Amino acid sequence: MSPRPRTLLVVVAAALMALAWSVAARAQGTPQMQLQMDADTVGVGDVVHVQLGAQSSDAAPSDPRLTLPAGLAVRGQSTSPTQTHMNINGVQSDRYGLTVDWTVQTQRVGVFTIGPASITVGGARFAVRGATLHVVPAGQAPQRPAPAQPPPGSPFTFSPFDPWKGLLQGFGQNFPQPPDLQPPQSTQPLTTDPKLSLDAPRAAYYFLHATVDKTSAVVGEQVTFSVYEYIDLGAQTAIEVDDSDVHDATAADFVKHPLLREDQDALLAGYASIGGRTWLVKLVRRWALFPLHAGDLAIGPMSVMLARPRAAVGQRTTEALTVHVTEPPVAGRPPGYALGDVGHFSLTAQVNPRDVDQGGAVGVHVELSGTGNVPSTISTPAREGIEWLAPEVHEQLGGIGHENFGGKRTFDYVVRVRRSGDVSLGELSLPFWDPDAKRYDVARASLGVLHVKPVASAPAASADAPEETLPGLPPPVDTMEGEPARRAHLDDVPLFWLLGVVAWPVAFGLAVGATAAGRRVTQAWRTRSASPAAELKERLAAADAASEGSDARQVDAAVARALEAAAMAHAGVNVRGALGGEVAERLARAGVAQDAASRIADLLRECEMARFSPEGADVASARDRWIRARGAIRELERRA
Amino acid sequence: MRRLLCAMLALIAFAIVAVSGRAAHADDGETPSALFTKGVQALRDGRASDAIAAFESLADRGTVDPVASYDRGLAYAMRVRIGAEVSGDLGRAAHGFEEARDLTHDARLADAAARALTVVRSEVARRRTRAGEPVEVDAGRSLARTVSSLLAEDSWCVLAAVCSAILAIGLFVRWIALTRRLRVGGGVAAGLAAPVLLLAVLMALAARHDRLEVREAVVVTPGSRPSDQRGIVVPGSTPLPEGARVEVVDSRDTRARIRFGALDAWVPESALREIARWP
């Protein structure tokens, strides 16, 4: 290829690249910009405030610049970055804002063009056209309009979180508020932020609302806690908060780092529509909280006292919040991980000098940077013959863009080397849990090798060497012992207690008990079998059996014995051997009715006579006596 | 054709890379034996911090092994010895040795752990002497626990079973024997067996309770002061000795109630490290 076409090719490639860059830059979207002044005609020596407002949905605007002609001078500049992140139905939209206020002093009469003003968004610079300022001789400038009065009931000047604002305004300075801090003008439509909306206002006129960006986290992971104040813009009365009665939220189980400066005014978060009313929402607290341990950790409420209007005086508190905290998973946890090291970290280290005499020292400068719970210590690679002295620690930590906490810590170590030769210092490593990637990572910094020249009188070799610490430690063991074979302990088995310990005494007890019981049963049996009732039963059965037979004497004998047994069983009277009227008499004495007693006595006499009669009795009459005797026995039984 | 071949090769290469990447990701965690080897090597090389990291990682993964505990104790002790001591190293060293002594079935390892423990506790005692604090580092065990540990748990069980049998047979003989001699013999046997049976049963239950219920820990921070339940330091108390073995009776929130000799107090849980037991 000839040189000319090659050059042409390079030019075309460069043009294409430039075009691509330009397209990429444009693809980010042009930010919305507006340049305003608080006056267009001022006198010489007067101060005018030039305000640039920029909004972008791609990246945060930065690096604001204002071009001023000769005759005007910048006396001050203040910037207020803002961020709004919304997630509506899963669609994420971000909004970054920047408000810059330049204080410009006029130096001579003339007509000046202020600007253009420009900002950088995502590496591309965008500008807005300038405005014209007329500077007239001192004292000839028209009276400036008074600053806009706050709407009735607006607590802008009463906010406990920006107490100096009212004081500064009291000096008569004309400090214009940034556009987003100005009360809404009737001509401007107010845009409410759905993200700031609530189901219902938590109180009338003014209330506080607290949120956390996540309700579950691991130990050491940043939880961003925010408190917003909501001010009813439609209130027709003054709203005043008692700034001496403000109680911050408590978070004892967290390490707390404010993400807003202590002296910073409450930031305008936007406007919210709640309960059909429009509320001004300001961010009054934003903390990065780092959980100290696992569990359900509580964040207590913040409270302020509303002093006016009188009808609504009372305390306004935020919600009490809870964060469920766990430990990062054990699986995949790198060696040396310390609980609580969570975030994104990087390590760099510098060792100087590399050549040193034995017993000398080198400096090791370590920089640990990142976002999250930046560890306050680093584990140094302790090795024999290398002594790491306590480091000098410097830190630059704070909020990064109101959202994250982080920064850097530097550790300056002095390392004493007692060995000689090429001594490896090893490697610094910091394992940490990356909450976004949900995995462990390790920040590393290699320290390299020192070249240590041997010195004969090095401290390690000298007789003045300090006394050895922990002398006589046994050597390490190289092989793991392993878990012993699991075996059940005897006392874990209920059968052991039953059969091994309890069974023997129980067996003896059973034997003794069984013997005693046997004795008792026998005794009872004997007693029972000798009782009048048992005898009666026996006699009745015998009489029944005899009445079935053909021997009248046997029937009569059985009937007589049954009657005697019945008298014994039911009346407790022994009539055996009684003669004549003695039977009836004995029965009557025992309480048997006279006729019944007589009947029994008669039956006994009849039986006696029939048994011992020489001619004998017939069976039919004997059976008849048995039937009558049974009736008499039943009568006795009923009486009993 | 050639393009197709190139495309296929590229696809295969991509698949291999993807699979190996996944395999590498899955293999992020080292095996316990690899970690142990790494720790022992670091210990032998004098790299105390690396050894500690390896052995602690092993413990984090739930690996319980007396040798790992013993070597971990040595790693902490080495860090003290080489002058790179981090606060709490002596306590953690004592913890490793106590754990090894409790877990091991190897008499030599138990002996080595006991010797190392003596060395570490001597250093703690020396430092406490310098600080004007009581030298007592080991409060010992209660009488019941000492007696119950005289025999193994199963030995107490066997003794209980034997005594139970002797008691029953003695009573039986005394009951049924016809001769006076036999009756007296049975009575004496039963009379001796009954108290021994009671003791053996109590000791077996105590040993079982010890095994299943008692939690013990080692104090791993220097200067940990005993306090009451509200966190107020017990008046006149001295800091618990680093490396002391204590019984953990209760724990609430981030505090633990401990017994150390006659002392019954609360300390932050972070000041203690529990002694592992076989699962």
Would any residue of region A:413-457 have its amide N under 18 Å from a label point 7 Å out along Cα→Cβ of A:GLN350? List them or say none.
A:413-415, A:428, A:445-450
What distance in nm separates the two pseudo spin-label positions at B:SER270 and A:ASP478, each 7 Å out from Cα along the beta-carbon direction?
4.0 nm
Along the charge dipole of chain B, which of B:VAL86, B:HIS105, B:ALA193 sits closest to the positive end, that is, farthest toward it, with unit charges on the beta carbon of Lys, Arg, Asp and Glu (+1, +1, -1, -1)?
B:ALA193
Out of residues 5 or more away from A:THR326 or on other chains, whose amide H comes under 5 Å of its own, with H placed 1.01 Å from N in the peptide plane?
A:ALA217, A:VAL218, A:VAL219, A:GLY295
HN-Hα couplings for region B:132-145 via Karplus (6.51, -1.76, 1.60; θ = phi - 60°), in whole Hz with x for Gly/Pro, come out as x, 9, x, 7, 4, 10, 10, 7, x, 9, 5, 4, 4, 5
Long-range HN-HN contacts of B:SER224 with modeled amide H, under 5 Å:
B:LEU240
Most mobile listed residue (B:ARG180, B:ARG230, B:ARG126) in chain B, GNM with C-alpha springs under 10 Å
B:ARG180
The lysines whose Cα lies under 22 Å from the Cα of A:LYS214, excluding any fewer than 8 residues away in the same chain, are A:LYS195, A:LYS256, A:LYS282, A:LYS438
Given backbone amide H placed at 1.01 Å from N, residues whose amide H is under 5 Å from that of A:GLU240, ignoring those fewer than 5 places away on the same chain, are A:ALA307, A:ARG308
Mind listing the phi-derived Karplus ³J(HN,Hα) values for region B:155-171, rounded to whole Hz, using 6.51, -1.76 and 1.60 with θ = phi - 60°, and x for any glycine or proline?
5, 4, 5, 5, 4, 4, 5, 5, 4, 4, 5, 4, 4, 5, 5, x, 5
Grab the beta carbon distance between A:THR67 and A:VAL449, set R0 = 45 Å, and tell me the FRET efficiency rounded to 0.05.
0.25
Is the C-alpha gyration tensor of region B:32-131 telling us rounded, prolate or oblate? Criteria: a/c under 1.5 is rounded; beyond that, a/b larger than b/c is prolate, otherwise oblate.
oblate
Treating only the Cβ of Lys, Arg, Asp and Glu as charged (+1, +1, -1, -1), what charge dipole size does region A:372-504 show about its Cα centre? Round to the nearest 20 debye.
260 debye
Expressed in nanometres to one decimal, the distance between label points 7 Å along Cα→Cβ at A:ASP40 and A:ALA200 is 5.0 nm
Given a Förster distance of 60 Å, report the FRET efficiency between B:ARG127 and A:THR191 from their Cβ-Cβ distance, rounded to the nearest 0.05.
0.35
Helix-only CD estimate at 222 nm, as mean residue ellipticity for the protein assembly as shown, using -39500 (n - 2.57) per DSSP H run (n ≥ 4)
-11500 deg cm²/dmol
Computed label-point distance, nm, for sites A:THR237 and B:ASP154 using a 7 Å Cα→Cβ extension:
8.3 nm
Length released on extending from A:VAL255 to A:GLU327, taking residue separation times 0.36 nm less the Cα-Cα span
24.3 nm
For chain B the mean separation of alpha carbon contacts under 8 Å (6+ apart) over residue count, i.e. relative contact order in percent, is 16 percent
A convex hull over the alpha carbons of chain B yields, per residue, a volume in Å³ of 245 Å³
Quick one: grab the alpha carbon gyration tensor of region A:194-326, order the square roots of its eigenvalues as a ≥ b ≥ c, and give me rounded if a/c is under 1.5, else prolate or oblate depending on whether a/b is larger than b/c.
prolate
How much length is gained on full extension from B:VAL249 to B:ASP106, taking 0.36 nm per residue of separation minus their Cα-Cα distance?
48.5 nm
Can you compute 3J(HN,Hα) from phi for each residue in region A:594-600, using the Karplus curve 6.51 cos²θ - 1.76 cosθ + 1.60 with θ = phi - 60°, rounded to whole Hz and x for Gly and Pro?
4, 5, 5, 4, 5, 4, 5
Taking every residue in B:159-165, how many Cβ atoms of other protein chains lie within 10 Å of its Cβ, on average?
5
Relative counts (whole %) of C-alpha pair distances in region B:146-212, using bins that are 5 Å wide:
4, 21, 23, 16, 12, 10, 8, 5, 2, 0
Take peptide A:485-495, look around each residue's Cβ out to 10 angstrom, count Cβ atoms belonging to other protein chains, and average those counts.
4
I'd like to know which of B:SER49, B:PHE172, B:ALA68 lies farthest towards the positive end of the charge dipole of chain B, counting +1 on Cβ of Lys and Arg and -1 on Cβ of Asp and Glu.
B:PHE172
Please sort A:504-515, B:192-203, A:422-433 by packing, taking for each peptide the average over its residues of neighbouring beta carbons within 10 angstrom, highest first.
A:422-433, B:192-203, A:504-515
Considering the Cα trace of the protein assembly as shown, what is its radius of gyration and what is Dmax, both in angstroms?
50.4, 178
What is the calculated FRET efficiency for A:ALA524 to B:TRP175, with r their C-beta to C-beta distance and R₀ = 30 Å, to the nearest 0.05?
0.85
Relative contact order, percent, region B:120-279 [alpha-carbon distance under 8 Å, six or more residues apart]
22 percent
Taking the mean number of other Cβ atoms within 10 Å as a proxy for protection, how do you rank A:223-234, A:355-366, A:491-502, A:113-124 from highest to lowest?
A:223-234, A:113-124, A:355-366, A:491-502
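Each value in this text was obtained by applying a stated rule to the coordinates, not by laboratory testing. Since we're looking at a predicted model, the values are computed, not measured. Glycine gets a Cβ as well: all are built from the backbone with ideal geometry, and neighbour counts include every protein chain shown.
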